[in-house]
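K.L.:
My structure is below; once you've seen it, I'll send some questions.
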Amino acid sequence: MWRYAPLLPVRDPKHIVSLGEGMTPLLKADRLGAMLGASDLWVKDEGINPTGSFKARGLSCAISMCVELGLSKVAIASAGNAGSALAAYAAAAGIEAHVFMPRDVPQSNYTECRAYGAHVTLIDGLISDCARIIAEHKEAEGWFDISTLKEPYRIEGKKTMGYEVAEQFGWKLPDAIFYPTGGGVGLIGMWKAFDELETLGWIIEARPKMIAVQAAGCQPVVRAFEQGESKSTFWEHAHTIAAGLRVPKPLGDALSLRAIRASGGTAIAVSDAELLDSSIQLATATGIFPAPEGGACVAALKKLLVNGFLKPDERIVIYNTGTGLKYLEAFSTRFPRTSRSEQDKLGGLITPR
């Protein structure tokens, strides 16, 4: 992503902390599109980024700025992947990292953070509870709070997703972009990128319809959009297997809602069953093993094609924000291992010689 360094905040290139993030594949999904009735469907696969998610972009930029500004201790509230990315880039920079996560965070994220040497605290609660604890202790501990929209640099890294989709399509934007929306910074960042590209004169066409996708068990942005509100209210008893979507009160809700409405887009929620089934469908049809958040976008696309919000011939981009390898606990509910006796009954056991 540092091909766009002149449009990013780091002034001295020697301060850049990079693990090879960005310029992820934009893949035509012909088989999936044929199944859904979308003739020009694409998947932007962020799962191949370092630490397996789009969060690498924001944390590469933010940790680079910590190096440039001489910061030595950082803390983050994370539902999973942001914590992993912070831990990795802090390790690369030699910065002390403190990660606060809900106790039921995917095991992969907890393991990663510990392996990278971060100090990990598991909280009985949600990401909002993690953020509160950091706010209460950051002054005394000397932490720079690098949580979502608590600083200005992560969004700068994430906006490069907007630069890339424009560049990969020859500076012609798609008709619609589906984005899984937890904290919403990816969507906000892309909208910022489109503003900047228009100012530079690199794009002149209409903006994509920005479509925010949330889980039925945690849909504060969808509710606010449907009720015509400018910002969301706290979603009580938030629950979903898509950990990145379990954000009961996004800090960037007003900016997300503004971008959705300005683009003529929409906000839509899908159930856990729908997003998990659609994740498997995406994997089977494309060879991309998506995070459940990416699968949620497929489930949402089905609904918007059926109700006529999108036309079958529109150019549509789904952002898969992470790899499914981070969510094996969730996928194991669809693919439980059978016992040896069950395999015998199914004729699936090959007896070794």
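K.L.:
Could you grab the pairs with beta carbons closer than 9 Å, sequence gap of 6+ or different chains, first residue in region 168-185 and of a type in the set (Asp, Glu), second one outside any loop (DSSP other than H, G, I, E, B)?
P.N.:
Within 9 Å, the pairs are Asp175/Asp40; Asp175/Lys209; Asp175/Arg315; Asp175/Ile316; Asp175/Val317.
K.L.:
So which pairs qualify, if the first residue must be in region 286-305 and touching a residue at least 60 places away in the same chain (Cβ under 8 Å) and among the charged types (D, E, K, R), the second must be open to solvent by 10 Å² or more (accessible area, probe 1.4 Å) and in a helix (DSSP H, G or I), the Cβ gap must be under 8 Å, and the two must be at least 6 apart or on different chains?
P.N.:
Glu293/Gly244; Lys302/Leu36
K.L.:
Which condition number in (1) in contact (Cβ under 8 Å) with a residue 60 or more places away in the chain; (2) open to solvent by 40 Å² or more (accessible area, probe 1.4 Å); (3) in contact with a helix residue (DSSP H, G or I) (Cβ under 7 Å, 6 or more places away or on another chain) is the one that Gly20 fails?
P.N.:
(1)
K.L.:
Could you tell me whether region 99-106 includes any residue that is under 28 Å from Tyr4 (Cβ atoms), surrounded by fewer than 24 Cβ atoms within 10 Å (Cβ to Cβ) and out of contact with any Phe, Trp or Tyr (no Cβ under 7 Å at 6 or more places or on another chain)?
P.N.:
No, every residue in region 99-106 fails to be under 28 Å from Tyr4 (Cβ atoms), surrounded by fewer than 24 Cβ atoms within 10 Å (Cβ to Cβ) and out of contact with any Phe, Trp or Tyr (no Cβ under 7 Å at 6 or more places or on another chain).
K.L.:
Looking for something over 22 Å from the mean Cα position of the chain (by Cα) and either aromatic (Phe, Trp, Tyr) or more than 24 Å from Val298 (Cβ to Cβ) (or both) - is there at least one such residue anywhere in region 15-24?
P.N.:
Taking region 15-24 first, the residues over 22 Å from the mean Cα position of the chain (by Cα) are 15-16.
Then keep just the ones that are either aromatic (Phe, Trp, Tyr) or more than 24 Å from Val298 (Cβ to Cβ) (or both); that gives 15-16.
Among the residues of region 15-24, at least one is over 22 Å from the mean Cα position of the chain (by Cα) and either aromatic (Phe, Trp, Tyr) or more than 24 Å from Val298 (Cβ to Cβ) (or both), which makes the answer yes.
Each row is one residue, and each column tells you yes or no for (1) closer than 16 Å to Ile155 by Cβ; (2) among the acidic types (Asp, Glu); (3) surrounded by 24 or more Cβ atoms within 10 Å (Cβ to Cβ).
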{"site": "Val10", "(1), (2), (3)": "yes, no, no"}
{"site": "Leu26", "(1), (2), (3)": "no, no, no"}
{"site": "Arg31", "(1), (2), (3)": "no, no, no"}
{"site": "Thr51", "(1), (2), (3)": "no, no, yes"}
{"site": "Met65", "(1), (2), (3)": "yes, no, yes"}
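K.L.:
If the Cβ limit is 9 Å and pairs must be 6+ apart or interchain, which residue in region 141-152 that is over 18 Å from Ala56 (Cβ atoms) pairs with which residue that is open to solvent by less than 30 Å² (accessible area, probe 1.4 Å) and among the charged types (D, E, K, R)?
P.N.:
From region 141-152, the pairs are Phe144/Glu151; Asp145/Glu151.
K.L.:
Okay, next question. Tell me, which residue of region 187-215 that is closer than 11 Å to Gly265 by Cβ and open to solvent by 20 Å² or more (accessible area, probe 1.4 Å) is nearest to the chain's Cα centre (by Cα)?
P.N.:
Of everything passing the filter in region 187-215, Trp191 is nearest to the chain's Cα centre (by Cα).
K.L.:
What residue, of Leu32, Leu8, Leu36, Leu27, is of a type in the set (A, V, I, L, M, F, W, C) and farther than 30 Å from Asp313 by Cβ? Can you show your working first?
P.N.:
Values: Leu32 fails: farther than 30 Å from Asp313 by Cβ; Leu36 fails: farther than 30 Å from Asp313 by Cβ; Leu27 fails: farther than 30 Å from Asp313 by Cβ.
Step by step, each of Leu32, Leu8, Leu36, Leu27 is checked, and only Leu8 is of a type in the set (A, V, I, L, M, F, W, C) and farther than 30 Å from Asp313 by Cβ.
K.L.:
From Ser60, Ser64, which residue is small (Gly, Ala, Ser) and touching a His at 6+ places or on another chain (Cβ under 8 Å)? Give the derivation first.
P.N.:
Working: Ser60 fails: touching a His at 6+ places or on another chain (Cβ under 8 Å).
Within the list Ser60, Ser64, the selection yields Ser64.
K.L.:
Can you go through Lys209, Lys158 and tell me which one is of a type in the set (Lys, Arg) and more than 15 Å from Gly244 (Cβ to Cβ)? Let's see the steps before the verdict.
P.N.:
On the way: Lys158 fails: more than 15 Å from Gly244 (Cβ to Cβ).
Sole residue among the options that is of a type in the set (Lys, Arg) and more than 15 Å from Gly244 (Cβ to Cβ): Lys209.
K.L.:
Now for a separate question. When you look at Leu71, is it surrounded by fewer than 23 Cβ atoms within 10 Å (Cβ to Cβ) and under 18 Å from the mean Cα position of the chain (by Cα), yes or no?
P.N.:
Numbers: surrounded by fewer than 23 Cβ atoms within 10 Å (Cβ to Cβ): yes; under 18 Å from the mean Cα position of the chain (by Cα): no.
The answer is no for Leu71.
K.L.:
Okay, moving on. If you go through region 277-298, how many residues are more than 16 Å from the chain's Cα centre (by Cα) and either open to solvent by less than 10 Å² (accessible area, probe 1.4 Å) or of a type in the set (A, V, I, L, M, F, W, C) (or both)? Walk me through how you get there before you give the answer.
P.N.:
Within region 277-298, the first condition is being more than 16 Å from the chain's Cα centre (by Cα), and the residues that meet it are 277-278, 280-287.
Imposing the further condition that a residue be either open to solvent by less than 10 Å² (accessible area, probe 1.4 Å) or of a type in the set (A, V, I, L, M, F, W, C) (or both) reduces the set to 278, 280, 282-283, 285.
Selection size over region 277-298: 5.
K.L.:
Select from region 316-334 the residues that are assigned to a strand (DSSP E or B) and open to solvent by less than 20 Å² (accessible area, probe 1.4 Å) and list them in ascending order. Please lay out each step first, then the result.
P.N.:
To start, the set of residues in region 316-334 that are assigned to a strand (DSSP E or B) comprises 316-320, 322-323.
Those that are assigned to a strand (DSSP E or B) and open to solvent by less than 20 Å² (accessible area, probe 1.4 Å): Ile316, Val317, Ile318, Tyr319, Asn320, Gly322.
K.L.:
Only residues in region 310-324 that are over 22 Å from Glu46 (Cβ atoms) count as the first member; pair them with residues that are assigned to a strand (DSSP E or B) and not polar (S, T, N, Q), Cβ under 7 angstrom, at least 6 apart or cross-chain, and list the lot.
P.N.:
Asp313/Asp40
K.L.:
Just to verify a result, which residue in region 109-136, among those that are open to solvent by less than 40 Å² (accessible area, probe 1.4 Å) and not in a helix (DSSP H, G or I), is farthest from His239 (Cα to Cα)?
P.N.:
Ala118
K.L.:
Looking for something among the aliphatic types (A, V, I, L, M), modelled with pLDDT of 95 or more and buried (at least 23 other Cβ atoms within 10 Å of the Cβ) - is there at least one such residue anywhere in region 305-315? So that I can check it myself, show each step before the final result.
P.N.:
Taking region 305-315 as the starting set, the residues that turn out to be among the aliphatic types (A, V, I, L, M) are 305-306, 310.
When the remaining residues are screened for being modelled with pLDDT of 95 or more, the result is 305-306, 310.
Among the residues that remain, those that are also buried (at least 23 other Cβ atoms within 10 Å of the Cβ) are: none.
Scanning region 305-315 turns up no residue that is among the aliphatic types (A, V, I, L, M), modelled with pLDDT of 95 or more and buried (at least 23 other Cβ atoms within 10 Å of the Cβ).
The values are calculated or read from the model by the stated rules, or taken from the named source; none is laboratory data. Because the structure is a prediction, the values reported are computed rather than measured. Methodologically, a virtual Cβ is constructed for each residue, glycine included, from the backbone with ideal geometry; neighbour enumeration extends over all protein chains shown. Ligands, DNA and RNA are excluded from the accessible area calculation, which covers all protein heavy atoms including side chains. Shrake-Rupley method; radii C 1.70, N 1.55, O 1.52, S 1.80 Å.
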